[in-house]
1. Search the structure for amide H atoms under 5 Å from the amide H of ALA108, placed 1.01 Å from N in the peptide plane, and list their residues when 5 or more places away or on another chain.
2. Between rounded, prolate and oblate, where does the chain land on the alpha carbon gyration tensor, with a ≥ b ≥ c its root eigenvalues, rounded for a/c under 1.5, else prolate if a/b exceeds b/c?
3. Give me the Kirkwood hydrodynamic radius of the range 53-102, using the inverse of the mean 1/r over all pairs of distinct Cα atoms, in Å to one decimal.
4. Calculate for the chain the 222 nm mean residue ellipticity that helices alone would give, adding -39,500 (n - 2.57) per DSSP H run of length 4 or more and normalising by residue count, nearest 500 deg cm²/dmol.
5. Please give the peptides 88-101, 108-121, 154-167 ranked by average Cβ packing (other Cβ atoms within 10 Å per residue), highest first, as a rough proxy for protection.
6. What's the magnitude of the charge dipole for the chain around its Cα centre, counting Lys and Arg as +1 and Asp and Glu as -1 at the beta-carbon? Answer in Debye, nearest 20.
7. Picking from THR168, PHE120, ALA135, whose Cα lies most toward the positive end of the charge dipole for the range 82-189 (charges on Cβ: Lys, Arg +1; Asp, Glu -1)?
8. Can you tell me the convex hull volume per residue for the range 2-71, based on C-alpha atoms, in Å³ to the nearest whole number?
Amino acid sequence: MNLIIDIGNTHTRIAIFRANELLDYWQWEPGTLSSHIGEMSVEHCAIACVGRFSDALRKEIDEIGVEQLLVSGMIPTSLKMRYQTPETLGADRLAAAVGAWSVQKGRALLVVDSGTCVTFDYVSAEGEYLGGNIAPGASMRLQAMHRDTALLPKCDTAADLQPIGRNTRQAMQAGAQLGLRREIEGYIYAFMEENPDGHIFLTGGGLPQSRLYEHFDQKITIDKFLVIKGLNEILNETYPS
């Protein structure tokens, strides 16, 4: 079995796979690793880290005694690397692209991962990782408006978002969240115009709701597990059974 650990900027997510079957998935808290693994025999572990690798988590992994693979942009995968600086490529971005390619080979792909930041990554129909773009997520946009101005208040994202702000707080929330939604929609429209036979993958905890996703329902896959599936795919490629 495979142990997958995705250390993000906000949360650490852990999964256990048998081959390509997802058996367990949870958000890590200290002490939860061994309790979830229990009597299961874990052979390999893939770790992607774009946040802080805590000493507590490192100790729990070491106590399991499993072989560890630290995923980076330098690791060989099923994709041909065309990024100019793979040593700086986030492991989560590469994993999401590998995960998308594993289920949609032979098509141009756009992978949108919305979290602390929003990433837009491209894979050619020939299986080349081409690169992509990074933009601030909704919370980061709100923080920047408060930090870099004299009068704008500190506020969080809104679940009951108003399309037109009737006060300053609502105006900031609508500007950040609707702006992000329109940005993602713009990337999708541009991609589909250039790649009518392409496919889009959406993942991450910060994806805004949009009717556009329904409009392109045959062209869009929404999969919150895309990064961990990609990490598992990389692990299976590295240690073939």
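Each reported figure results from applying straightforward, stated rules to the coordinates on display, with no laboratory input. Remember, it's a predicted structure, so these values are computed and weren't measured experimentally. A quick note on method: Cβ atoms are made from the backbone with ideal geometry, for glycine too, and the neighbour counts reach across all protein chains shown.
1. Answer set, sorted by chain and number: ALA125, HIS199.
2. Values: a/c = 2.06, a/b = 1.33, b/c = 1.55.
In terms of gyration-tensor shape, oblate.
3. On the way: mean 1/r = 0.0795 Å⁻¹.
It works out to 12.6 Å.
4. Details: 7 runs with 84 residues, N = 241.
Per the formula, -11000 deg cm²/dmol.
5. Numbers: 88-101: 24.8, 108-121: 23.0, 154-167: 12.0.
Going by the mean number of other Cβ atoms within 10 Å, highest first, we get 88-101, 108-121, 154-167.
6. Numbers: 21 positive and 30 negative charges, 178 e Å.
The dipole of the chain has a size of about 860 debye.
7. It is THR168, whose Cα lies furthest towards the positive end.
8. Numbers: hull volume 5.8 nm³, N = 70.
It comes to 82 Å³ per residue, whole-number rounded.
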